Amino acid sequence: MMPIKATVISCEKENEQVSLLTFDISMPNAKPGQFAMVWLAGEDEKPMSIANASPLKFAIANAGEISQKLSSCKKGDILFVRGPYGKPFEPIGKKWLLVGGGYGFAPLRFLASEGAKSGKTIESVLGARSSKYLMKPSVGKMHITTDDGSSGTKGNVLAVLEPLLQKEKFDCIYCCGPEKMMLAVAKLAKTHKIRSQVSIERYMKCGFGICGHCAMGGWLSCIDGPTIDGEEALKYTQFGKTCHDRAGTEVEI
Amino acid sequence: MADLTTSLCGAKMKNPLVLASGIRGNSAGLLIRAAKEGAGAATSKSCSLLAREGHKNPSALEFDSYMVNAIGLSNPGVDAEVHEISRAVKEAKIPIIASIYAGSSEEFALVAKKMSQAKPHLIELDASCPNIHSEGKMFSSSPESASEIVRAVKKDVKNIPISIKLSANVPNIGDIALSCQRAGVDCITAINTLPAMIIDVHARRPVLANKYGGLSGPAIFPVALRSVNEIRNSCSLPIIGGGGVTSGEDAAAMLMAGANAVSVGTALYYHKNAFAKISDELQSYMNEQGFSKISQIKMQN
C-alpha cells in the first residue's frame, strides 16, 4: 500500500527518552498490538507500535538515528505512514494484567483504553530504569517499578509481579518490553497457569512477510506476530536469546 | 488422483512448487517452514561472499496485483549461510536450492565452492538482481557475461548441479539461456523481478530508499510465461519457471510454457497457505483435465 501523509499536530514529551506524537489522521481499523511503517521521507522508515488509532499516535523513543529524528518531530512536521500491519493482541477473559517495560508500555496503554471501553478490569505493572524513564500511566490500577528505586517499588517488573500473582488471579497477562523481560514474564505466567501474550518486535525491512529479517526460528514477527501467546513463544529457543542483525546474521540479544 | 511428484536435476520433489529466492530470507528455520507449508523445494535468499546489510527502508511496497522491493541482497555472508543451508538440507526433507550472488565470475566461483560444502541439491546463480545496478552490470544481460559466470562456477564446482537465474529485461532471453547451456549450466531459473520504481506524489519522492526496485507478483505473470516459453524453444535444460504465479492454473500455464518446476514467491504475501492452495488447485485442474502426471501437462500442438 502507498504511505499516507500524516501531519504532526502535537508532540508531547512522555519522559526523558520518549515523545508521544499525535497526527491529523486516524487509522480506524488499527488494533492494540499492531504496528505501522513510519517513513521520514528521504531518510528511513521504521516499524512503530500503534499507541492510538483515532487520532493516530506513536510513542517514539530517542534510540537510534532515525528514531532520534522521528522523536524530535515538531507540530506541523510531515511523516508518511502505512498500516496497520501484524496481528493484534487477542482479548482473553475479563481481568487483564498489563506488564510493560520502558516504552513497551505504549501499545499496552492503547490496549488498556480499548479494554476499559468493553468493560475489562485493567491492572498494570509499569517498569523503567528510573523515574525519568517512566511512561505516562494507563487507565486502571497502576503498579510502578524502577531499577534504582527512584519511583515505586525498587527492582524490575518481577518485583511486583511475583507477589501480585501469589494473591490475585488474572485471565491474561499482556506484556511488552525488552525481550529478556518478556521471557521472564512468559515463564512466570506459565508457572502460575495464566494465559499470557507478549509482543516481539525485531528488525524489519518489508513489514509484510517477505524479507525474513524479523524471524524467530520459523516464526515471523511481522505477519505471525508481533503478538504471540507466551507459551507458544517459549517453544522457540531464540526467544529472549537471539535475533537477526541488519545483514540477517543471528546475534545475541 | 493426479500424481504431483516430479524431479529436478536428480532431486525428487513431492510437487513442482519451489519457494523462490529472496522470499522469506536466509535462515534454515524459514526454509524448513516452507517445507512444512507444502513447498516441493525451497530456494534460500541470495548470499554473497561477505555479509551485506542491504538497502535502507522503505525497501518493499505491496499492492493488489504487484509488489516492488529493493531489499538490497541483505545476507549474513556465505560462511554463515553455509551453516543455515546445511541445517536446512538435513531437516527440511525437501530439496534445498542455495542462491548465491557475486560481483565477478571469480567471486561467483569462490562463493559457489564455499556453498557446495553445505551440499544443497542445486546452486542457483543470481545473475539478474535488478536492485544493485550501481554496483555493477547485471550478468544475465548478455550471452557472453552470463556464460562466463557459468563457466567459472562449473570449473570449480562439479558435484552439485548449477542453475542460473535470468532476467526478462532483455531482448533475447532464449539466446542467453542457450549460451548458458553451451557453457555447461544444468538448469535455468526465470524470471527475476523486473526493474521498477514507485513515486509518492505527496512526498514528491521515490518511495524506495534505493529509488529503483524489482517488480514481482501477478502483474508480471504474462511476462514470465513468455520468457519461459522462449527459453523452452531455445534450450533443452530443465527450467524453474516463475513470476507472479498465485494459483494452480497459473502453475499449469507455467508448466505448459515449458517449465519443469514452478517457483512461488510473492504469492506468499497474497495467500497465507500459498503452497497448499496452489498444489491443491493444480491437482484439481489435473484431475479435471485427465492429466495423471506433471509431465503430461502440455499445450496442444
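Annotation: of all residues in the stretch A:26-38 being under 18 Å from residue A:70 (Cα atoms) and either without any contact (Cβ under 8 Å) to a residue 60 or more places away in the chain or among the basic types (Lys, Arg) (or both), the one that is nearest to the other protein chains (Cβ to nearest Cβ) is A:38.
Criterion first (among the small types (Gly, Ala, Ser) and within 11 Å of another protein chain (Cβ to nearest Cβ)) does residue B:145 satisfy it?
no
Of all residues in the stretch A:184-210, those satisfying the criterion of being within 20 Å of residue A:253 (Cα to Cα) and within 14 Å of chain B (Cβ to nearest Cβ) are A:202, A:203, A:204, A:205. Looking at the stretch B:69-106 only, could you name the residues that are buried (at least 18 other Cβ atoms within 10 Å of the Cβ) and among the acidic types (Asp, Glu)? Across the stretch B:69-106, the qualifying residues are B:81, B:84. Scanning for something in contact (Cβ under 8 Å) with a residue 60 or more places away in the chain and part of a loop (DSSP other than H, G, I, E, B), does the stretch A:39-51 turn up at least one residue? Looking through the stretch A:39-51, at least one residue is in contact (Cβ under 8 Å) with a residue 60 or more places away in the chain and part of a loop (DSSP other than H, G, I, E, B). Among the residues of the stretch B:14-29, those that are of a type in the set (A, V, I, L, M, F, W, C) and under 16 Å from the mean Cα position of the chain (by Cα) comprise B:17, B:18, B:19, B:20, B:23.
Scanning the stretch A:211-223 for residues that are under 19 Å from residue B:47 (Cα atoms) and more than 8 Å from every other protein chain (Cβ to nearest Cβ) yields a single hit, A:214. Of all residues in the stretch B:1-25, those that are more than 14 Å from chain A (Cβ to nearest Cβ) and in contact (Cβ under 8 Å) with a residue 12 or more places away in the chain have Cβ atoms under 7 Å from Cβ atoms of residues that are of a type in the set (Asp, Glu) and surrounded by fewer than 24 Cβ atoms within 10 Å (Cβ to Cβ), 6 or more apart or on another chain, in B:9/B:186. Can you say whether residue B:232 is surrounded by fewer than 20 Cβ atoms within 10 Å (Cβ to Cβ), at pLDDT 95 or above and among the charged types (D, E, K, R), as far as the supplied structure shows? Considered against the rule, which asks whether it is surrounded by fewer than 20 Cβ atoms within 10 Å (Cβ to Cβ), at pLDDT 95 or above and among the charged types (D, E, K, R), residue B:232 comes out as no. So which residues in the stretch A:196-249 are surrounded by 24 or more Cβ atoms within 10 Å (Cβ to Cβ) and among the charged types (D, E, K, R)? Passing the criteria: only A:205.
Within the stretch B:171-186, restricting attention to residues that are in a loop (DSSP other than H, G, I, E, B) and among the small types (Gly, Ala, Ser), the residue that is surrounded by the fewest Cβ atoms within 10 Å (Cβ to Cβ) is B:184.
Results for (1) at pLDDT 95 or above; (2) outside the structural domain of residue A:163 (by TED's automatic domain parsing); (3) within 16 Å of the chain's Cα centre (by Cα), shown as yes or no for each residue.
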position	(1), (2), (3)
A:44	no, yes, no
A:52	yes, yes, yes
A:61	no, yes, yes
A:69	no, yes, no
A:73	no, yes, no
A:94	yes, no, no
A:101	yes, no, yes
A:128	yes, no, yes
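Just one of the listed residues (B:167, B:141, B:145) is crowded, with 21+ Cβ neighbours inside 10 Å and polar (S, T, N, Q), and it is B:167.
Rundown of residues vs (1) of a type in the set (Gly, Ala, Ser); (2) within 23 Å of residue B:11 (Cβ to Cβ); (3) at pLDDT below 95, yes/no style:
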{"position": "B:116", "(1), (2), (3)": "yes, yes, no"}
{"position": "B:119", "(1), (2), (3)": "no, yes, no"}
{"position": "B:131", "(1), (2), (3)": "no, no, yes"}
{"position": "B:173", "(1), (2), (3)": "no, no, no"}
{"position": "B:186", "(1), (2), (3)": "no, yes, no"}
{"position": "B:191", "(1), (2), (3)": "no, yes, no"}
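Please indicate, with yes or no, whether at least one residue in the stretch B:56-67 is part of a loop (DSSP other than H, G, I, E, B), out of contact with any Asp or Glu (no Cβ under 9 Å at 6 or more places or on another chain), within 13 Å of chain A (Cβ to nearest Cβ) and buried (at least 24 other Cβ atoms within 10 Å of the Cβ). There is no residue in the stretch B:56-67 that is part of a loop (DSSP other than H, G, I, E, B), out of contact with any Asp or Glu (no Cβ under 9 Å at 6 or more places or on another chain), within 13 Å of chain A (Cβ to nearest Cβ) and buried (at least 24 other Cβ atoms within 10 Å of the Cβ). Taking the stretch A:214-225 as the range and being touching a Leu at 6+ places or on another chain (Cβ under 9 Å) and in contact (Cβ under 8 Å) with a residue 12 or more places away in the chain as the test, the residues that pass are A:214, A:215, A:217. Scanning the stretch A:129-151 for residues that are in contact (Cβ under 8 Å) with a residue 12 or more places away in the chain and either out of contact with any Asp or Glu (no Cβ under 9 Å at 6 or more places or on another chain) or acidic (Asp, Glu) (or both) gives A:137, A:138, A:139, A:144, A:145, A:146, A:147, A:148, A:150, A:151. Among the residues of the stretch B:39-53, those identified as at the interface with chain A (Cβ under 10 Å from one of its Cβ atoms) and either outside any loop (DSSP other than H, G, I, E, B) or buried (at least 24 other Cβ atoms within 10 Å of the Cβ) (or both) are B:44, B:45, B:47, B:52.
The stretch B:200-301 holds strands (runs of 3 or more DSSP E) entirely within its bounds, and those carrying 1 or more residues that are under 17 Å from the mean Cα position of the chain (by Cα) and without any contact (Cβ under 8 Å) to a residue 60 or more places away in the chain map to B:239-242.
Kindly indicate which of A:99, A:125, A:81, A:8 is among the β-branched types (Val, Ile, Thr), surrounded by 18 or more Cβ atoms within 10 Å (Cβ to Cβ), within 14 Å of chain B (Cβ to nearest Cβ) and not in a helix (DSSP H, G or I).
Exactly one of A:99, A:125, A:81, A:8 is among the β-branched types (Val, Ile, Thr), surrounded by 18 or more Cβ atoms within 10 Å (Cβ to Cβ), within 14 Å of chain B (Cβ to nearest Cβ) and not in a helix (DSSP H, G or I), namely A:81.
Number of residues in the stretch A:11-27 that are at pLDDT 95 or above and surrounded by fewer than 16 Cβ atoms within 10 Å (Cβ to Cβ): the value is 3.
The values are calculated or read from the model by the stated rules, or taken from the named source; none is laboratory data. For clarity, every value in this text was computed on a predicted model and none was experimentally measured. Cβ: placed from backbone, ideal geometry, glycine included. Neighbour counts: every protein chain shown.
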